[in-house]
Amino acid sequence: MAGKHGQVRLQDIALEVGVSVVTVAKVLNNTGGKNTRVSDRVAEKIRACERRLGYQPNQLARQLAGKSSDIIGVAMDSYAPAIFHTRLAMMEQVASSLGYRFLVGQAHDTIDKMVSFARDFESYNVAGIICLAHNYPGYSSCIASAYPADKTVFMEKPEGMARPCYVSLAVEDAFCDAVQHMAARGRTRPVLFLKGNLQTNYGMDLRQQGYLSGLAGSGLNYSRVIMLQPEDEACSLVLQERVRSLLCTDRPDAFIAANDHIAGALLRALLKLKVRVPEDVALMGFDNVDFAKLLTPSLTTFDDRSDVIAESLVTMLVALIQDPDLPIECRQKRVRPKLIVREFT
């Protein structure tokens, strides 16, 4: 049944099902053009035989023939927030349902490796690429330009690229909504807690812009942004002292955190200081990670809709693979986070 070295061939499946090799190739490799048509019943018999015999496409042969594979390359930062790894898993599920597999390249703070991934993917003749890691401050344009525009979809808009395909998360809108949500509940002195600094931590600037827009839209004159450093989160006593000082000098009535992990650290500090949440200080996070609903009280936050982002990235790429000249309206999608109101506000 099998060919040399025990590898299952298209001919073996054709013989087993009782159809031509051309018919099998049409179903499994999408070859044969529009002149080859296969009924749903026959296609299902071919796929069932493929699974039973354990057929694997010969990627080297496809490359030598100049054909793209069923592989999608994904570039991401290995130290990216957990939510990115969740998106990756969701993306893989969508891609698998459409007949694609993932080849993932991961590195951290290594610009050369992020650029080299583009060349690596091309050497594998991948069908397309999803880039999740081009937003390194000062290097965004350098990294993005290494990826072929006609077969790459980016998470967030890349700099310096004409007509890019990308999916973006409306972070600024979410933090504007956060302030307005607090204001609607009588909280007029909300403090924004960010991480790192605005120059090196992507997305912190968008959070601040949204916060300021929300203050202006709500007619609030109060404004306070706290930049937390790694030691603030790592040492509960350091953060506790910063929160205590803030409560004494500013008398805030709401904390808006850049993410749920910071919100959790702030909650710990507030409880140590005997501050009632939400009676004295309301608290809100961002990301809707699993533990947010398990806290007591549960954490009001924003869900970043990773399922929608994952599906959008993959389906946009598949559309780009099929038509490299996608119209501009199909080349970008903006996903707005969803407010999840719980007990902390």
Percent antiparallel among DSSP beta bridges (both partners in the chain, rounded to 5): 10
Acute angle (nearest 10 degrees) that the helix 306-322 long axis makes with the longest principal axis of the chain, alpha-carbon atoms: 40
Carbon + sulfur, % of accessible area of the range 239-345 - ligands and nucleic acids excluded, 1.4 Å: 49
Gyration tensor (alpha-carbon) shape descriptor, the range 136-237, a/c threshold 1.5: oblate
Amide hydrogen neighbours beyond the local backbone of Ile340, cut-off 5 Å, H modeled: Thr301, Phe302, Asp303
Leu228 long-range amide H proximity, modeled H, under 5 Å: Leu194, Lys195, Gly196
Charge dipole (debye, nearest 20) of the chain; +1 at Cβ of Lys and Arg, -1 at Cβ of Asp and Glu: 640
Accessible surface, the chain, averaged per residue in Å² (probe 1.4 Å): 50
Cα long-axis angle, helix 260-272 against the chain (0 to 90 degrees, to the nearest 10): 30
Hull shadow area, averaged, the chain [alpha-carbon convex hull, nm²]: 21.3
For the range 85-100, Karplus couplings with θ = phi - 60° (6.51, -1.76, 1.60), whole Hz, Gly/Pro x: 6, 5, 4, 4, 4, 5, 4, 4, 5, 5, 4, 4, 5, 9, x, 10
Over the chain, relative contact order from alpha-carbon pairs under 8 Å, at least 6 apart, %: 15
Antiparallel content of DSSP bridges confined to the range 202-340, in %, to 5: 40
Out-of-range pairs (alpha-carbon distance over 31 Å; input Lys151/Lys293; Lys113/Lys157; Lys26/Lys157; Lys26/Lys151): Lys151/Lys293; Lys26/Lys157
Residues whose placed amide H lies under 5 Å from that of Arg101, excluding near-sequence neighbours: Ile71, Ile72
Chain lengthening between Ser223 and Arg276 when straightened (0.36 nm per residue, less Cα-Cα): 16.9 nm
Electrostatic dipole magnitude of the range 40-167 [Cβ: Lys, Arg +1; Asp, Glu -1; Cα centre; debye, to 20]: 560
Relative pair counts by distance (%), Cα atoms of the range 259-345, 5 Å bins: 3, 13, 20, 15, 11, 9, 8, 8, 6, 4, 2, 1
Model label zone, Arg189; criterion: amide N under 16 Å from point 7 Å along Cα-to-beta-carbon; scope the range 235-276: 243-256, 275-276
Accessible heavy-atom area order of Leu132, Leu317, highest first, probe of 1.4 Å: Leu132, Leu317
Theoretical ellipticity at 222 nm over the chain - DSSP helices of four or more residues, -39500 (n - 2.57) apiece, nearest 500: -13500 deg cm²/dmol
Nearest 10 degrees, 0 to 90: helix 204-218 Cα axis against the chain principal axis: 50
Lys, Arg +1 and Asp, Glu -1 on Cβ, resulting dipole of the range 260-345 about Cα centre, debye, nearest 20: 440
Added length on full extension, which subtracts the Cα-Cα distance from 0.36 nm per residue, Thr110 to Asp325: 74.2 nm
Packing rank of 325-332, 149-156, 138-145, where each peptide gets the mean count of other beta carbons within 10 Å, highest leading: 149-156, 138-145, 325-332
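The values are calculated or read from the model by the stated rules, or taken from the named source; none is laboratory data. On a predicted model such as this, the values are computed, not experimentally measured, just so you know. We place every Cβ from the backbone using ideal geometry, glycine too, and count neighbours over all the protein chains shown. Just so you know, the surface numbers come from the protein's heavy atoms only, side chains and all, with ligands and any DNA or RNA stripped out. Shrake-Rupley method; radii C 1.70, N 1.55, O 1.52, S 1.80 Å.
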